[in-house]
Amino acid sequence: DIQMTQSPSSLSASVGDRVTITCRASQGINNYLAWYQQKPGKVPKVLIYAASTLQSGVPFRFSGSKSGTEFTLTISSLQPEDVATYYCQKYNSAPFTFGPGTKVEIK
Amino acid sequence: EVQLVESGGGLVQPGGSLRLSCTASESTISSSSMNWVRQAPGKGPEWVSYIDRGSAAIYYADSVKGRFTISRDNARNSLFLQMNSLRVEDTAVYHCTSGIPAAPRLSDSWGQGTPVTVSS
């Protein structure tokens, strides 16, 4: 099975900072990669799918990109409400594995 | 907004069985591909199983293959997960989820989940 890794596992940044989270697939998955945001006590929410398509209603400060088997979620200007854990998920073929997550905090 | 509601969770001994159900406020389930996703306390989400609208494509995580069975009843707008030979490591909150037309395999809408505890 294809393995999904994320880095870093956690980060602390200031309000207004540019934040980048990376997800790597052990094999090619084309563009079948989604990013989720999970706030404490809530269910995950889709931010981006197809590697770079912003889900309806998601702020434009979130963006996604792909280079080979490496995928990046960028928050252009970190806001207090972005404190959450972010997960990637592959969905090209089963199993639709989630990454281990990146916890984002405010410095 | 889609409302998904899970039921059927509870406390069960190792080796036991449970049947989870998921219903929706609208015809969401009958018109959507569906997933079961679980989340253990303090852990990230773990994809468990997927079924497409016509039950032609069914997939399972390796961790549950041979023990869990996903099914659906479109006439009743319902989704099910039969869980047999339960293990302590199956303890989690189980969510049914539905995708979006552009990405039906995703988990865009989530129910609040039903807790499953496997313990002696």
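Give the residues of the range B:10-30 that are small (Gly, Ala, Ser), farther than 16 Å from B:Arg67 by Cα and touching a residue at least 24 places away in the same chain (Cβ under 8 Å), sorted by residue number.
The initial filter retains those residues of the range B:10-30 that are small (Gly, Ala, Ser), namely B:10, B:15-17, B:21, B:24-25, B:27, B:30.
Right, trim to farther than 16 Å from B:Arg67 by Cα and you get B:10, B:21, B:24-25, B:27, B:30.
B:Gly10, B:Ser21, B:Ala24, B:Ser27, B:Ser30 - these are the residues of the range B:10-30 that are small (Gly, Ala, Ser), farther than 16 Å from B:Arg67 by Cα and touching a residue at least 24 places away in the same chain (Cβ under 8 Å).
Please go through the range A:2-35 and pick out each residue that is within 22 Å of A:Ser67 (Cβ to Cβ), in contact (Cβ under 8 Å) with a residue 60 or more places away in the chain and within 14 Å of chain B (Cβ to nearest Cβ).
If the condition is that a residue be within 22 Å of A:Ser67 (Cβ to Cβ), in contact (Cβ under 8 Å) with a residue 60 or more places away in the chain and within 14 Å of chain B (Cβ to nearest Cβ), then A:Ile2, A:Gln3, A:Met4, A:Thr5, A:Gln6, A:Ser9, A:Ile21, A:Cys23, A:Ile29, A:Asn30, A:Tyr32 are the ones that fit.
Kindly evaluate A:Phe71 against the criterion of being within 26 Å of B:Trp36 (Cβ to Cβ) and either within 12 Å of another protein chain (Cβ to nearest Cβ) or exposed (fewer than 14 other Cβ atoms within 10 Å of the Cβ) (or both).
Working: within 26 Å of B:Trp36 (Cβ to Cβ): yes; either within 12 Å of another protein chain (Cβ to nearest Cβ) or exposed (fewer than 14 other Cβ atoms within 10 Å of the Cβ) (or both): no.
Judged against the criteria, A:Phe71 is not a match.
State which residue is surrounded by the most Cβ atoms within 10 Å (Cβ to Cβ) when the search covers only the range A:1-29 and only residues that are in a loop (DSSP other than H, G, I, E, B) and within 16 Å of the chain's Cα centre (by Cα).
Out of the qualifying residues, it is A:Ile29.
In the range A:32-48, what residues are in a loop (DSSP other than H, G, I, E, B), in contact with a strand residue (DSSP E or B) (Cβ under 6 Å, 6 or more places away or on another chain) and farther than 16 Å from B:Trp47 by Cβ?
A:Lys39
Residues that are touching a strand residue (DSSP E or B) at 6+ places or on another chain (Cβ under 6 Å) and over 22 Å from A:Gln37 (Cα atoms): which strands (runs of 3 or more DSSP E) entirely in the range B:1-68 hold 3 or more of them?
Working: elements: B:4-7, B:10-12, B:18-24, B:34-39, B:45-51, B:58-60.
Counting at least 3 such residues, we get B:18-24, B:58-60.
Among the listed residues B:Arg76, B:Arg87, identify the single one that is away from every other protein chain (no Cβ under 14 Å) and at pLDDT 95 or above. Working first, answer last.
On the way: B:Arg76 fails: at pLDDT 95 or above.
After ruling out the rest, the residue left standing is B:Arg87.
From B:Ser30, B:Ser25, B:Ser85, B:Ser7, which residue is surrounded by fewer than 22 Cβ atoms within 10 Å (Cβ to Cβ), touching a helix residue (DSSP H, G or I) at 6+ places or on another chain (Cβ under 6 Å) and farther than 27 Å from A:Gly101 by Cα?
Just one listed residue meets the conditions, B:Ser30.
The values are calculated or read from the model by the stated rules, or taken from the named source; none is laboratory data. Computed from a prediction, not measured in an experiment: that's the story for all the values here. Glycine gets a Cβ as well: all are built from the backbone with ideal geometry, and neighbour counts include every protein chain shown.
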